[in-house]
1. Have a look at ASP165, ASP170 and point out the one that is without any contact (Cβ under 8 Å) to a residue 24 or more places away in the chain, among the acidic types (Asp, Glu) and in contact with a helix residue (DSSP H, G or I) (Cβ under 9 Å, 6 or more places away or on another chain).
2. Kindly indicate whether ARG145 is in contact with a Ser or Thr (Cβ under 9 Å, 6 or more places away or on another chain) and of a type in the set (D, E, K, R).
3. On the basis of being assigned by TED's automatic domain parsing to the domain that holds PHE237 and under 21 Å from HIS212 (Cα atoms), does GLU77 make the cut?
4. Working only within region 79-104, note down all residues that are outside any loop (DSSP other than H, G, I, E, B) and in contact with a Phe, Trp or Tyr (Cβ under 8 Å, 6 or more places away or on another chain).
5. Taking LEU240 as meeting all but one of (1) part of a helix (DSSP H, G or I); (2) crowded, with 22+ Cβ neighbours inside 10 Å; (3) of a type outside the set (D, E, K, R), write down the number of the exception.
6. Do you know which of the residues in region 170-226 that are of a type in the set (S, T, N, Q) and at pLDDT 95 or above is nearest to SER140 (Cα to Cα)?
7. Considering only residues that are out of contact with any Phe, Trp or Tyr (no Cβ under 9 Å at 6 or more places or on another chain) and not in a loop (DSSP other than H, G, I, E, B), which ones fall in region 143-157?
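The values are calculated or read from the model by the stated rules, or taken from the named source; none is laboratory data. Small disclaimer: the values here were computed from a predicted structure and weren't measured. All Cβ positions, even for glycine, are placed from backbone atoms using ideal geometry, and neighbour counts span all protein chains on display.
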Amino acid sequence: MSLSKTHAFESLTPDLVLDALDTVGLRGDGRLTALSSYENRVYQVQLDDGSAVVAKFYRPERWSDAQIQEEHSFAAELMAFEVPAIGPLTLQGQTLHHFGGFAFSVSPRRGGRAPELDDGEVLEWIGRFLARIHTVGARSAFVHRPALNVDTFATEPMQWLLEHDAVPLDVQSLWTRKCEQAIKLIATHATLTGARGQKHLDSSGIRVLRLHGDCHPGNILWTPADAAAAAGPGPHFVDLDDARTGPAVQDLWMLLSGDRQQRTRQLGMLVDGYEQFREFDRAELALIEPLRTLRLIHYSAWLARRWSDPTFVHNFPWFGSSDYWQGQVQMLEEQIEAMQEDPLIV
C-alpha cells in the first residue's frame, strides 16, 4: 500500500499540545507522556500545580464536531447518573476545543489496571455497570452518531477495500466471496440491517440504544477495592470515541474469550450482574457471532484507511500481505460456520 508524504498528526508537536492547553487555562510543566492510542493522539500532561490531565487530540476528518459533542454529552449523562465513566472536563464553558487545526478535549487522569476477566466477581461487577450504562443509553437517542449495522461495518468497508486495491489479487476473489457470504448471513438479523433510533424494534423485538460501542478489556480500568482512589473501586469505563447505536450485547461480547464452555461461563457472570439492574434480552445472544464478524471486516478496512499514518505502519507491519489476507479468509470461514451454530445459552 502506498504512503503519503505527510500526515496531519505530524504537525502535532509537544509545543502545540502545550500551547493548546494554555488556551483553556491549563499550563503544562513540559512533561508529556504519550498514551496508547492509534485512532487519536492522547497524552498525559503534567501541570505546573503538580496535578496531571489527559489531553485527547481527535483524528482530523473522522468525526464532526456535532458527533464529538454527542460523545461528550453521553459521558456527562452517564456521570450524572453516577456511572463510572471518565468524560472530558468543562473548561471555559465547554468540553470540545480547537487549536492548530485540531479538535481536542481534556479529561482527568485516572489510574487502574486491566480487569481480571477470569474472576467471576469482576465479570459480575462489570455486568452491573454495563446495565447502568444501557439504562442511561436507552433514555434518548443519538442524532449525529452512526448506527452499528451491516452497511457501516461490512458492506461499505468491503467495497472501499476493493475499490482501493487493498486486497492482493491472489486472494481477492476468495476473500470477496467469503465476505459476501458472511454479509448475507449477518443480514438475516434485522437489528443489523440499518436500524437507527432508541425506540426501534426489529422482527424479533430486539431494541437498539446508545452504547459504549467498543467495550473491550483495554477500555476498562479496574481499581481494586483495597486501593485508595478518588474514583472509587471497581470498573471505570474510558474512551467513548466509538459510542454509537446498536444492540446491548455489543458491549458484552468483546469481554468473552476461550472455548464455548469458557465463554458461556463468562457470559453467565456478566448477565447475572447485568440483570441486577436491567433485563437482558436472550434473543440478542444470536447476534454475538454476527457482531464479531462485522468487527473482523471493519478492522481490515480501518487499518487500510489509516495506512498514511506512520504510527500504523510502525505498529502493524504485518498488515496488507497475502499471508494477512489469507488469514482473514480463514477467519471468515470460521465465522461463517460460527454464525450457523446455535448461540450461547445463559
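1. Numbers: ASP170 fails: without any contact (Cβ under 8 Å) to a residue 24 or more places away in the chain.
Only one candidate qualifies: ASP165.
2. Working: in contact with a Ser or Thr (Cβ under 9 Å, 6 or more places away or on another chain): yes; of a type in the set (D, E, K, R): yes.
Yes; evaluated as a whole, the condition is true for this residue.
3. On the way: assigned by TED's automatic domain parsing to the domain that holds PHE237: no; under 21 Å from HIS212 (Cα atoms): yes.
Here the answer is no, as GLU77 does not meet what is asked.
4. Taking region 79-104 first, the residues outside any loop (DSSP other than H, G, I, E, B) are 79-80, 85, 91, 94, 97-99, 102-104.
Answer for region 79-104, where residues must be outside any loop (DSSP other than H, G, I, E, B) and in contact with a Phe, Trp or Tyr (Cβ under 8 Å, 6 or more places away or on another chain): ALA85, HIS97, HIS98, PHE102, ALA103, PHE104.
5. Of everything listed in (1) part of a helix (DSSP H, G or I); (2) crowded, with 22+ Cβ neighbours inside 10 Å; (3) of a type outside the set (D, E, K, R), LEU240 misses just condition (1).
6. The first filter runs over region 170-226 and keeps only residues of a type in the set (S, T, N, Q), leaving 172-173, 176, 181, 188, 191, 193, 198, 203-204, 219, 223.
Filter once more, keeping what is at pLDDT 95 or above: 172-173, 176, 181.
Working: GLN172: 42, SER173: 43, THR176: 38, GLN181: 35 Å.
By that ranking, first place goes to GLN181.
7. ALA147, VAL150, ASP151, THR152, PHE153, ALA154, THR155, GLU156
Here is a yes/no grid of residues against (1) surrounded by fewer than 17 Cβ atoms within 10 Å (Cβ to Cβ); (2) under 25 Å from the mean Cα position of the chain (by Cα); (3) farther than 21 Å from GLN92 by Cβ; (4) modelled with pLDDT of 95 or more:
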site: SER2; (1), (2), (3), (4): yes, no, yes, no
site: THR13; (1), (2), (3), (4): yes, no, yes, yes
site: LEU16; (1), (2), (3), (4): yes, no, no, yes
site: ASP22; (1), (2), (3), (4): yes, no, no, yes
site: GLY25; (1), (2), (3), (4): yes, no, no, yes
site: ASN40; (1), (2), (3), (4): no, yes, yes, yes
site: TYR43; (1), (2), (3), (4): no, yes, no, yes
site: VAL54; (1), (2), (3), (4): no, yes, no, yes
